Amino acid sequence: FYRDWYRPDLMAVVAVGDFEPATIESLIRRHFLSIPKRSGERERTLYPVPDHLDTLYSIAADPEMDLTIVGVDILLDRESEATDADYRRSLVRQLATGMFNARLAELTRQSDPPFLQAYGSRGGLVRTKDVFALTALVRQGGAGRGLEALMTEQKRVDRFGFTAGELDRQKQELLRFFEQAYQERMKTESARLADEYVRNFLSEEPAPGIAFEFMLASKFIPDVTLDEVNALWQTIEGRSNVVVSVSGPDKPGAALPTESSLAAILSSVASAPASPYVDNVAGQSLLPALPEGGTIVAESRIPELDLIRWELSNGVTVFLKQTDFKNDQILLSGFAPGGTSLAPDSGYLAAMTATAVVQECGLGAFSQTELDKLLAGKIASASAYCSELEQGINGTASPKDLKTLMELVYLRFTAPRKDTAAFSGWVSRMRGMIENRSMRPESAFDDTLQVTLANHHVRRQPITAESLTHLDLDKSYAFYKQRFADASNFTFILVGTFAPDSVRALVARYLGGLPSLNRGETWRDVGVRTPSGFIRKEIHRGIEPKSQVRAYFTGPFHWSQENRASYNAMIEVLRITLRETLREDRGGTYGVSVGGSPSQFPIAQYRCTVSFGCSPAAVDTLLAAMLGQIDSLKTAGPAPATLEKVKETYKRERETAMKQNGFWVGALHFLLSNREDPRDLLRMDQRMAGMTVEAVRTAARTYLHPEAYLLGIMYPAKEER
């Protein structure tokens, strides 16, 4: 196979990045020009996929599968992508698929949804055939109902088409997508450009550049008619070349449907009457009235970070950093101490699910479906979260949609919504996602170790289908309201493309207008502690001859930037040495994961996790090798060359990260929530640059105790030891 297909005439090299072209070209020539051309090359044949008139069926059960998946694949001829007319047709197809998927998403918000998630998409099946795939994740026993819902919606479009309102919204969405891509054309990540060139070479996908595509999209999309979209849908309606597939768990009482029962559903849908889609559209204003707002009462600057700090009259603190990393992006993060820790153990489940439940219900006067329609064509979103120690809001927006983002943030605080149908639908989808979760060996392994690490604390128990029966919309809603009733101790971070003076009025009105009760709250320690001593946990799950090994080193941590720097360096050194030893030298695993970070609250502690997969027979050998490398690190410290590699990698990754808005939001959030000076961000770079072998060796001695850690090993169920 290698001799047949790995040859120069089938090869291309793509290089995209910040480099001197001549240098990279010389490297490519040096390494690839010497590859000899082969004689008598095997001809590459593109094999056709034969058409079929009768519907084909595939039904498969798997004892380790935790979800049931229904698929309807319609095989289609490949379409040309060579001309402007071809491109226009692809835009029409994107509009149709987007509208269809919006309808499917709307169905998932019913009180008893027919599927957990569903979508349609067109793509290449093989080089000679495309496929339009309808896919649905359904609850156990729900394959027939899910298939019926998919085919009913397909028939509804086939019979009545889409509506003018749907097309208008989808045009706005698609045009906005191209507009943003065009705005970011000089900031596009290298990997995305490289992928486009790879697709151009492998499948001849045109790569004219976003400027040309934006020009065509702006020209074609506004003129697309409803008749045109509906006519295109008829070409993928699926009267032939249809394959229906169902796959799901192999367990007692969960039999999958038969081929005859699936065929009966298709026949029933085909003969049943259909009704047109009703496009319910709400009003056009998010807020019924402008908030009264507040004022900026104090302003200061941190020049080293180009950071501005505003204190608002309601107690809210705002940090602003103007950047040019992206042309069309603003990120927002708001947070305050408290979180689910303030709920009693008896109310923990309602508290933990509160933000997900309330978000599913919509916002203000709008259901989630109505909200999606109202926000069509805008790039603005804001979602609430509630972790154990804090509650907060994360958001993003295009600069021209910043006002919409601020309105959404204001509504997240002041106008959460209750919707019993949406709540019931969310619970139903959650139950479907987790009812067979334990059938996956990896899930059972994860749950066992999570519970053990927390000494079986009630707040670390995995959610089960049974525990979902105790959820209560009123309790979740009440907890959400309590957590977001007082913004006086909130800190907000705004990073992105804006001028501080241009956002001053928006910040004062919307963030300054948030409710302020001055409760002075903070989190509480709920008492979750890791076990002491050495613990070995083995589980026997799965039918494949594979194992998972996971080691958790935990303990108290003396919180300081110096200790965090040496700890992080130790993690990186261990990642390199274990990869070299377990994978490259011994060939015992595909990869080794080493991670973990210290935390300050509620108590200062650390967790270092080492994880790898291997054959059951290699567990003991590789585990001994892992402990040997840890012992060597504690005795002699890292090799100087390894430490230099860690420092150089950190430097390069940091240079890249500091040109990303997301990095600044995350780093400032970390420092501020840990009550540290934002300038410590720069001091960390200095500490890593000055990291020594002795500092890493000391860290290994402090944090890696083979006599006191949790070792988890998963073996196959039938493995004899």
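The values are calculated or read from the model by the stated rules, or taken from the named source; none is laboratory data. Here the structure is a predicted model, which means the values were calculated and not measured. Virtual Cβ from ideal backbone geometry, glycine too; neighbours counted across all protein chains shown. Protein only, heavy atoms only, side chains kept; ligands, DNA and RNA dropped before computing areas. Shrake-Rupley method; radii C 1.70, N 1.55, O 1.52, S 1.80 Å.
Worth a mention:
- The accessible-area ordering, largest first, of the residues 103, 38 stands as 38, 103, per a 1.4 angstrom probe.
- The relative contact order of the chain comes to 15 percent, based on Cα pairs under 8 Å that sit 6 or more residues apart.
- Which listed pairs, of 634/659; 400/475; 187/403; 403/481, have C-alpha distances above 27 Å, in listed order: 634/659; 400/475
- Estimated translational D of the range 145-198 in µm²/s (Stokes, Kirkwood radius over Cα pairs; 20 °C; 1.002 mPa s): 148 µm²/s
- Simple spin-label estimate for residue 499 and residue 219 in nanometres, 7 Å along Cα-Cβ: 3.5 nm
- Added length on full extension, which subtracts the Cα-Cα distance from 0.36 nm per residue, residue 285 to residue 18: 91.6 nm
- Solvent-accessible surface ranking, highest first, for 635, 128, 355 at 1.4 angstrom: 635, 128, 355
- The DSSP beta bridges internal to the chain are antiparallel in roughly 80% of cases.
- Accessible area (Å², 1.4 Å probe, nearest 10) - residue 199: 100 Å²
- When the Cα positions of 287, 87, 275 are compared along the charge dipole of the chain, 287 comes out farthest toward the positive end, with charges on each C-beta of Lys, Arg, Asp and Glu.
- Long-range Cα-Cα pairs in the range 42-133 (distance over 17 Å), rounded percent: 67 percent
- Label-point gap, in nm, between residue 258 and residue 604 - each point 7 angstrom along Cα→Cβ: 6.8 nm
- Over 16 Å [Cα-Cα, the range 389-486], rounded percent: 71 percent
- Accessible area of residue 653 in the full protein assembly, 1.4 Å probe (Å², nearest 10): 120 Å²
- Charge dipole (the chain, unit charges on Cβ, about Cα centre) - positive-most of 593, 505, 261: 593
- Projected onto their three principal axes, the Cα atoms of the range 98-191 cover extents of 49, 35, 26 Å, largest first.
- Take residue 267: with every protein chain present and a 1.4 Å probe, its accessible area is about 70 Å².
- Label-to-label distance for residue 648 and residue 693 is 1.7 nm, based on points extended 7 Å past Cα in the beta-carbon direction.
- At 1.567 mPa s and 4 °C, Stokes diffusion of the range 587-721 via Kirkwood alpha-carbon radius, µm² per second: 73 µm²/s
- Candidates 484, 132, 48 compared by Cα position along the dipole of the chain: farthest toward the positive end lies 484, with charges placed on Cβ.
- The separation of the range 298-318 from the range 580-599, counted between C-alpha centres, amounts to 43 Å.
- Counting only residues at least eight positions apart within a chain, or on another chain, the lysines with an alpha carbon under 21 Å from that of residue 251 are 718.
- Divided by 2.2 N^0.38 Å, where N counts the residues, the Cα radius of gyration of the range 646-721 comes to 1.66.
- Evaluated at q = 0.12, 0.13, 0.22 Å⁻¹, a Debye calculation over the C-alpha positions of the range 548-660 (equal weights, vacuum) places log10 I(q)/I(0) at -0.48, -0.56, -1.28.
- Going by accessible surface with a 1.4 Å probe and the largest first, 681, 331 read 331, 681.
- Dipole check for the chain: with +1 at the C-beta of Lys and Arg, -1 at the C-beta of Asp and Glu, and the Cα centre as origin, the magnitude is about 1220 Debye.
- Length gained when the stretch residue 306-residue 621 is fully extended (0.36 nm per residue, less Cα-Cα span): 108.2 nm
- All Cα-Cα distances of the chain, cut into 20 Å bins from zero to the largest, leave 13, 41, 41, 5, 0 percent in each bin in turn.
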